[in-house]
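Data first, discussion second: the structure below is written as structure tokens.
All of the numbers you see were taken from the coordinates with simple rules; none came from a lab. What you see is a predicted model; the values in this text were computed from it and never measured. So basically every Cβ, Gly included, is an ideal-geometry build from the backbone, and we count neighbours across all protein chains shown.
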């Protein structure tokens with residue numbers, strides 16, 4: 001059986017970049033051990049029943065949500081809270097994975113992204129993290145626009 005390289009994960013690669021607000025970009029040294037993750041909501045294709053099968057209706061985007069826990073002990077946490085209070089709309093946000101995006105999971109770009117809410121957790125001397133939730137859209141089915 002041939003050996004297929006399984007690749008390498010590197011948590012130092014994980015980052016969230018906000019091109020319009022570079023002071024809010026989050027690199028690993030600002031994150032808690034949970035780092036960051038992204039989930040997709042909705043369907044890239046809606047399917048409708050017919051009498052004998054299905055009709056597919058590709059969708060141009062799905063909603064995506066990034067969750068990231070940053071350290072409240074650092075100035076970046078204050079910057080995020082100030083952003084929450086002044087302007088929660090972020091524009092484009094890039095989620096960089098913990099692998100090599102040229103050979104594995106790619107960088108995901110969310111558009112019309114917004115900071116939904118920071119969750120500071122407990123102030124009990126044991127919880128260093130503030131969880132940020134950022135939502136936006138990720139384009140899908142780009143061939144729909146080849147009309």
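Scanning region 120-144 for residues that are more than 18 Å from residue 43 (Cα to Cα), free of Cβ contacts under 8 Å to residues at least 60 places away in the same chain and either exposed (fewer than 12 other Cβ atoms within 10 Å of the Cβ) or touching a helix residue (DSSP H, G or I) at 6+ places or on another chain (Cβ under 9 Å) (or both) gives 120, 122, 123, 124, 125, 126.
Scoring residue 19 on the criteria (1) farther than 22 Å from residue 79 by Cα; (2) touching a strand residue (DSSP E or B) at 6+ places or on another chain (Cβ under 6 Å) leaves a single failure, condition (1). Filtering 42, 75, 37, 51 for residues that are at positive phi and without any contact (Cβ under 8 Å) to a residue 60 or more places away in the chain leaves a single hit, 42.
Yes/no matrix, rows are residues, columns are (1) closer than 19 Å to residue 108 by Cα; (2) in a strand (DSSP E or B):
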| position | (1), (2) |
| --- | --- |
| 16 | yes, yes |
| 20 | yes, no |
| 32 | no, yes |
| 36 | yes, yes |
| 46 | no, yes |
| 52 | no, no |
| 56 | no, yes |
| 62 | yes, yes |
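Residue-level check: of (1) crowded, with 16+ Cβ neighbours inside 10 Å; (2) free of Cβ contacts under 8 Å to residues at least 40 places away in the same chain; (3) outside any strand (DSSP E or B), residue 109 misses just (3).
May I ask you to list the residues in region 79-100 that are part of a loop (DSSP other than H, G, I, E, B) and either touching a residue at least 12 places away in the same chain (Cβ under 8 Å) or surrounded by 14 or more Cβ atoms within 10 Å (Cβ to Cβ) (or both)? Passing the criteria: 88, 97, 98, 99, 100.
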